[in-house]
Amino acid sequence: DFTYDANGIGGLMRGFFKKAVPFNNMEAPYGATEKDRKVAKQDYDTLKSQCSFDLADAIKYGRISISRDLLSKRFSGKGFENRTLRDILMEERRCIKVDQEKANRGKGKCLIQKGEMKKIIHRSPDALESLAYSRVFWVKNTKQHRVRPIGAARFSDASGAEGGQRRGNQVRMASAFPRTRYI
């Protein structure tokens, strides 16, 4: 139940894990039907772009969360030392950007090249890419049991609405987005 970068060093895993999903970052965007594929090809240039922007939307709209224990865990790697995962991801999030030059040529949302990403954060955005690659399970909808849900709804601030959760003088209303937790 994992994916690997089939174009990079992860290609070494090919054949060893029969159920692993190879992630070909240059693959065409995915759509379940012919109509969906046409729309996806208009919206994105590659599967990597599709998964990256899907991750950005999932974060933006509160459809995923990451365990606080994991976010506070410290990591060291090439280009950083003893930093929390929260800090690493906050820095790497700046790498999910549209390549305007390609977008202007009608290629849809194109993710900036890895070289540009490295210029922005002075290293490779490996943590964020691993999360983006994992979105292939949602984009392609390969299995239904990928994550453990942590709540039926996400709460957002609203004032005076009925049925919400009260905190002080604010009412928090549930929205329709279920959240998932990466563990």
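Of all residues in the range 104-130, those that are more than 21 Å from Gly8 (Cα to Cα) and either under 19 Å from the mean Cα position of the chain (by Cα) or open to solvent by less than 30 Å² (accessible area, probe 1.4 Å) (or both) total 3. Against the criterion of being closer than 30 Å to Asn104 by Cβ and in contact (Cβ under 8 Å) with a residue 40 or more places away in the chain, Ser65 does not qualify. Among the numbered conditions (1) open to solvent by 30 Å² or more (accessible area, probe 1.4 Å); (2) modelled with pLDDT under 95; (3) basic (Lys, Arg), the only one that Arg135 does not meet is (1).
Looking across the range 76-92, the residues that are closer than 19 Å to Ser65 by Cβ and open to solvent by 90 Å² or more (accessible area, probe 1.4 Å) come down to Arg86, Met90.
Within the range 1-12, being surrounded by fewer than 16 Cβ atoms within 10 Å (Cβ to Cβ), in a loop (DSSP other than H, G, I, E, B) and either aromatic (Phe, Trp, Tyr) or free of Cβ contacts under 8 Å to residues at least 24 places away in the same chain (or both) holds for Phe2, Asn7, Gly8.
As a summary of the residue check, Asn25 satisfies the conditions (1) surrounded by 18 or more Cβ atoms within 10 Å (Cβ to Cβ); (2) modelled with pLDDT of 90 or more; (3) under 14 Å from Leu131 (Cα atoms) except for the one numbered (2). Gly15 falls short on exactly one of the conditions (1) open to solvent by 60 Å² or more (accessible area, probe 1.4 Å); (2) at pLDDT below 90; (3) over 13 Å from Val139 (Cβ atoms), and that condition is (1).
The values are calculated or read from the model by the stated rules, or taken from the named source; none is laboratory data. Everything quoted here is computed from the prediction, not taken from an experiment. Note that we place each Cβ from the backbone using ideal geometry, even for glycine, and neighbour counts take in every protein chain shown. Each accessible area value is taken on the protein alone, full model and side chains, heavy atoms only, with ligands, DNA and RNA left out. Shrake-Rupley method; radii C 1.70, N 1.55, O 1.52, S 1.80 Å.
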